[in-house]
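*Asks:* Sending over a structure as structure tokens; questions will come in a sec.
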């Protein structure tokens, strides 16, 4: 199959591109490198069937893509961390509106399926737990996170309208907290933020009182879920949560990560980010019933793999385990 992966040089996108290439698919990776790095997919350069296109999807021209049209368009192109969308609010809104529109046009012209990679942030600070796909959410449309929350919500509405008006076969996946190798340590999400603090010998910063909950999914589990959706030739019109239904507090995450790293830096309480939701946990019944999918990587295992990756990529005299 032929895949167009928008945002393919990012954290999740690079893992997805690599897996698709490994499975023998043709992959066109499109990325403007605004919050990602070309180095994330450098190992794929020159491999049969892989093409990298540096471009902004809001102005993506069909002439800039390979002659053979894609069978599937995967739209992951968006800043996805609080740090990034706080400094790039207009770009975040643009890629989820104009960028989504352009990719839908490309999919329509090619007769391709499109998978819009949305986010659990569309549920806002939820009043329903766990969150099923039928929940409409509790979102502040003018709050500090609105550029991302509402950008994704608009993207979902646009996908739904294109499907109805233009006949584009499309699906929406709402991704919950994901972590693993290739994450930037400065991207502001909790796992890399904790890792960066521990590596610098600083206490892990727990925002608020640490009782807020999240569910953490290792990146390979997310890629497995996305591949189920992307290769489902009968898929059309579904909205699917992809996440880990095991909910833990941020304080517990910090304690477990410190234990895995053998670090004694401890923790400290810092002010919570404005608009930070108090609970977040997916209902993954639809993914389980349709594909038999559920996360298989335990949290301690995934955190250990992430720390091992840091050890391998950092200087030999700066170990990630111990020493603090």
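*Asks:* Could you figure out which of (1) in contact with a strand residue (DSSP E or B) (Cβ under 6 Å, 6 or more places away or on another chain); (2) in contact (Cβ under 8 Å) with a residue 40 or more places away in the chain isn't true of residue 262?
*Replies:* (1)
*Asks:* Working only within the range 113-125, note down all residues that are crowded, with 21+ Cβ neighbours inside 10 Å and more than 17 Å from the chain's Cα centre (by Cα). Give the steps one after another, and end with the answer.
*Replies:* From the range 113-125, those crowded, with 21+ Cβ neighbours inside 10 Å are 113-124; that's our starting set.
Hit for the range 113-125 is 113, nothing else.
*Asks:* Could I ask something else about it? Is one or more of the residues making up the range 135-147 touching a strand residue (DSSP E or B) at 6+ places or on another chain (Cβ under 6 Å) and crowded, with 20+ Cβ neighbours inside 10 Å?
*Replies:* yes
*Asks:* Restricting to the range 131-151, and then to whatever is under 18 Å from the mean Cα position of the chain (by Cα) and part of a loop (DSSP other than H, G, I, E, B), can you tell me which residue is modelled with the lowest pLDDT?
*Replies:* 145
*Asks:* Given the condition within 17 Å of residue 295 (Cβ to Cβ), crowded, with 18+ Cβ neighbours inside 10 Å and modelled with pLDDT under 95, answer yes or no: does some residue in the range 215-222 qualify?
*Replies:* Yes, some residue in the range 215-222 is within 17 Å of residue 295 (Cβ to Cβ), crowded, with 18+ Cβ neighbours inside 10 Å and modelled with pLDDT under 95.
*Asks:* Those residues that are touching a strand residue (DSSP E or B) at 6+ places or on another chain (Cβ under 6 Å) and farther than 17 Å from residue 280 by Cα, I need them from the range 169-185; list them, please.
*Replies:* Matches in the range 169-185: 169, 170, 171, 172, 180.
*Asks:* Consider the range 229-274. How many of its residues are touching a helix residue (DSSP H, G or I) at 6+ places or on another chain (Cβ under 8 Å), closer than 21 Å to residue 203 by Cα and not in a loop (DSSP other than H, G, I, E, B)?
*Replies:* Residues that pass the stated criteria total 10.
*Asks:* Confirm whether residue 128 is in a loop (DSSP other than H, G, I, E, B), farther than 26 Å from residue 257 by Cβ and touching a strand residue (DSSP E or B) at 6+ places or on another chain (Cβ under 7 Å).
*Replies:* No.
*Asks:* Residue 202: touching a residue at least 40 places away in the same chain (Cβ under 8 Å) and under 29 Å from residue 173 (Cβ atoms), yes or no?
*Replies:* no
*Asks:* Among the residues of the range 88-112, which ones are more than 18 Å from the chain's Cα centre (by Cα) and either without any contact (Cβ under 8 Å) to a residue 24 or more places away in the chain or over 21 Å from residue 240 (Cα atoms) (or both)?
*Replies:* 90, 98, 102, 105, 106, 108, 109, 110, 111
*Asks:* Just need a number here: residues in the range 152-190 that are in a helix (DSSP H, G or I) and modelled with pLDDT of 95 or more.
*Replies:* Final tally of qualifying residues: 15.
*Asks:* Only one of 309, 293 is assigned to a loop (DSSP other than H, G, I, E, B), touching a residue at least 24 places away in the same chain (Cβ under 8 Å) and under 21 Å from the mean Cα position of the chain (by Cα). Can you tell me which?
*Replies:* Residue meeting the stated conditions: 293.
Yes/no matrix, rows are residues, columns are (1) crowded, with 20+ Cβ neighbours inside 10 Å; (2) under 20 Å from residue 40 (Cβ atoms); (3) out of contact with any strand residue (DSSP E or B) (no Cβ under 7 Å at 6 or more places or on another chain):
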residue: 55; (1), (2), (3): no, yes, no
residue: 62; (1), (2), (3): no, no, yes
residue: 72; (1), (2), (3): yes, no, no
residue: 86; (1), (2), (3): no, no, yes
residue: 97; (1), (2), (3): no, no, yes
residue: 101; (1), (2), (3): no, no, yes
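*Asks:* Just need a number here: residues in the range 33-47 that are within 18 Å of residue 92 (Cβ to Cβ) and surrounded by fewer than 22 Cβ atoms within 10 Å (Cβ to Cβ).
*Replies:* Going through the range 33-47 one residue at a time, the tally reaches 2.
*Asks:* Which one is modelled with the lowest pLDDT among residues in the range 25-54 that are in contact with a helix residue (DSSP H, G or I) (Cβ under 6 Å, 6 or more places away or on another chain) and part of a loop (DSSP other than H, G, I, E, B)?
*Replies:* Going through the qualifying residues, I end up with 47.
The values are calculated or read from the model by the stated rules, or taken from the named source; none is laboratory data. Small disclaimer: the values here were computed from a predicted structure and weren't measured. Reconstructed Cβ throughout: ideal geometry from the backbone, glycine too, with neighbour counts over all protein chains shown.
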